[in-house]
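Here's the structure we're looking at; comments come further down.
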Amino acid sequence: MIAQFYQAHSDILLFAGAAAVKVLVLLNVIMGFTALLTLAERKVSALMQDRIGPNRASVFGFAFDGLFHPVADGIKMLVKEDFVPAKAEKLLFTLAPFFALVPVLALFAFIPFGDYVMVFGYQLDLQIAQMPLSLFFVLAFSGLAIYGVFLGGWASKNNFALLGAMRGVAQMVSYEVVLGLTLVGLMMIFGTAGLQDMVRAQGRLLFGFLPGWGVFYQPVAFVLFLTAAIAENKRTPFDLVEGESEIIGYFMEYSSMRFGAFMFAEFIEIILVSMLATTLFFGGWQVPWLYDTGFIFPWGSTLPLNHYLVAALQTGAFAAKTVFFSWFLLVVRWTLPRFRFDQLMALCWKVLLPLALLNILVTGAVLTALK
Amino acid sequence: MIQAAVWFFGAVAAMATLLMIFQRNLVKSALLMLAALLATAALYLALSAQMLAVLQIILYAGAIMILFVVALTVMPCALRDRASRSVFLKVLGLAAAAVILTELLNVSGALKGFLRPVDFSETGTLPLARELFGRFAFQFELLSLVIITAIVAATALALHRRRA
C-alpha cells in the first residue's frame, strides 16, 4: 500500500522531501549564524572601542574568548521572568514577536544560495522556492514584518510603546517605498524578477573580463538599497525605533524570550539584508570566471573542475559574501551616529526617493538608447 | 490538492471577514481584515496566480492595511467611536447592506455561468502590462489623478489641523 502510494506520487514526494531537507539545513545554518552574529556584534564594537568584549562565559574553565556567550544569552532569555502588563491584549501581545520573526524567516525561501547539485541523478536546485516573481515576494514579506512592530507597541497598552511603534511604522513604510524602487532598475536590466534568474544573468562578463554583477550596472541603486535596507532593518544610524537607552521603543513592555524574539528577528534581518545585497548586486553565488565546467580565465587559460567542487565553490562564495556584508553592517552600526526623526524622514522622501526615481529614468533612457 | 487548498483558504478568508464585521474593537477588526487579505493572497497562490498574490500582499496587506491601522490608532476620535443610538441610522445601514448583498449575489450568479475550470497556467504578466501601458495607457494615467487628489486632500487636512 505504501509502495503503491509512493509509486503514484513519487515526483511530488521527492520534491517535498528535498524541500524539507533544504528548509531544515538552511534554517539551522541561519540560526547558528545569527547566534554567532550576536557575539560578533559585541566583539566588533569592543574592537572598535578598544575594549576586550565578552570573554567570561565558560564551560569547565574553557571560555574560547567568549564563544559561549550566545548560549548563555539564550539561557538567560529563557529563564528570565516573562512579564505581561495587566492591561495588555494578551493574544496580540503574544503574537507580535511571531509577526516580527516569521516573515523574515520566510524570506530565506526565495534566496538562491547556489546553482544546483546533482544528487543520485536528480537535479537539486539550491533555492527553496523557485518562483519567477521571487523579488516581489521578498518585498511583500518584508512589508508584513511591520505588523510585528505595530502590534508590539499597540498590544502593550502603553503610550510610550505606542509612540515608539508609530515611529517605527512610519519609518519602515517610508523606506520600503525606496527599497522597492531601487530594485526596479535591476529588473529592467536583467529582464526578470526571479532571484535565481537574476544571479544566472550576472554570470555574464562585461567588456570580456569584468564580472557582470549588479553593482557595476547599478552603483547608485546599490548605495540607495543598502541605506534603505539598513533603515528597514531599524539599525543605527536609523535606530530611532528602539534607541536602546534614550528614546523608548515599541518593545518596552517585552521581557525574556518575547523580547529575545524581537532582537533575534533584527539579527536575522542583518543576514537577510546581506544575502539580498549579495544576490542582487554582487553576483550571488557567482564566482568570477567560474562556469559549470570550471574556471575559464579572460586571458585564455582554463582550469576544469569537478561538478561538486564547482557547486561547493559557488555556495562557499555566497556564504563568504554574506559574511562580508554582515560584518560591514556591524561596522556601520558602530561608526555612525543616529539621525533625528525629521532628518530621517527628510532623507527618505527628499533625497533617496527622488534619486531612486532618477535612477529608474536614467536606466530606462540608457537601455532604450542601447537597443 | 489545489481544490483542498482553495476550499481551506476560502473558508479562512470568509471566517476572518465575518469575525471582522462582528468585532467591536477597531484595531482588532483591522487585523482580522489583514488575515482575510492574506488568506485571499494564499488563495490566489493556490490557483497559481503569483502576480495577483504578490500584489495583494504588497498593496493591500502591506500598504493599505498599514495606513488603516495607523489612522485608527493615531485618530483619537476613532478610539472614542461609539455605536450610534439612532434607529434610523441602523435601518439605513441594514438597508445598504441588503442592497450590496443582493447585488453581489447577482454578480456572482452571472460569473458562475461565465467561468470554466481552466488548466494550471502561469499568469500572463506581460500581456497585462501591454494592455495597461498600451491600449489603456490614458485611462491608467487618469487613475493616477485620483491618487493625486487624495494626496492633496490629505495634505490640506493635515495642514489645517496644524494651524488650528
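The values are calculated or read from the model by the stated rules, or taken from the named source; none is laboratory data. None of these values were measured; they are calculated from a predicted model. Neighbour counts run over all protein chains shown; Cβ positions are idealised from the backbone, glycine included. To get the accessible areas, we keep the full protein, side chains included, count just its heavy atoms, and leave off ligands, DNA and RNA. Shrake-Rupley method; radii C 1.70, N 1.55, O 1.52, S 1.80 Å.
Couple of notes before you dig in:
- Within the range A:126-142, the only residue that satisfies the criterion of being more than 15 Å from residue A:198 (Cα to Cα) and assigned to a loop (DSSP other than H, G, I, E, B) is A:128.
- Positions within the range B:1-15 being open to solvent by less than 100 Å² (accessible area, probe 1.4 Å) and either modelled with pLDDT of 90 or more or of a type outside the set (A, V, I, L, M, F, W, C) (or both), in sequence order: B:9, B:10, B:11, B:12, B:13, B:14
- Residues of the range A:137-160 that turn out to be more than 9 Å from every other protein chain (Cβ to nearest Cβ) and free of Cβ contacts under 8 Å to residues at least 24 places away in the same chain, as a count: 1
- When the test is whether a residue is assigned to a helix (DSSP H, G or I), aliphatic (A, V, I, L, M) and exposed (fewer than 14 other Cβ atoms within 10 Å of the Cβ), residue B:18 passes it.
- Residue count for the range A:29-49 under the criterion of being surrounded by fewer than 17 Cβ atoms within 10 Å (Cβ to Cβ), of a type in the set (Gly, Ala, Ser) and under 26 Å from residue A:315 (Cα atoms): the result is 1.
- Listed here are the helices (runs of 4 or more DSSP H) enclosed by the range A:202-315 that have at least 3 residues being open to solvent by 10 Å² or more (accessible area, probe 1.4 Å) and in contact with a helix residue (DSSP H, G or I) (Cβ under 7 Å, 6 or more places away or on another chain): A:219-232, A:256-281.
- Criterion (within 19 Å of the chain's Cα centre (by Cα) and either more than 10 Å from chain B (Cβ to nearest Cβ) or at pLDDT below 90 (or both)) met by exactly one of A:188, A:131, A:166: A:131
- Residues of the range A:93-123 satisfying the condition of being of a type in the set (A, V, I, L, M, F, W, C), over 21 Å from residue B:58 (Cβ atoms), more than 14 Å from chain B (Cβ to nearest Cβ) and surrounded by 17 or more Cβ atoms within 10 Å (Cβ to Cβ): A:113, A:117
- Residue check, residue A:327 surrounded by 14 or more Cβ atoms within 10 Å (Cβ to Cβ) and more than 26 Å from residue A:114 (Cα to Cα): no
- From B:48, B:29, B:84, residue being out of contact with any helix residue (DSSP H, G or I) (no Cβ under 6 Å at 6 or more places or on another chain), away from chain A (no Cβ under 12 Å) and either open to solvent by less than 100 Å² (accessible area, probe 1.4 Å) or at pLDDT below 90 (or both): B:84
- Residue in the range A:5-16 that is in a helix (DSSP H, G or I), at pLDDT below 90, of a type in the set (Gly, Ala, Ser) and surrounded by 11 or more Cβ atoms within 10 Å (Cβ to Cβ) present: yes
- Considering residues of the range B:58-72 that are over 11 Å from residue A:147 (Cβ atoms), surrounded by 17 or more Cβ atoms within 10 Å (Cβ to Cβ) and at the interface with chain A (Cβ under 10 Å from one of its Cβ atoms) only, the residue modelled with the highest pLDDT: B:58
- The range A:322-334 residues that are outside the structural domain of residue A:41 (by TED's automatic domain parsing) and more than 14 Å from residue A:282 (Cα to Cα), paired with ones that are among the acidic types (Asp, Glu) and modelled with pLDDT under 95 (beta carbon under 7 Å, 6 or more apart): A:330/A:41
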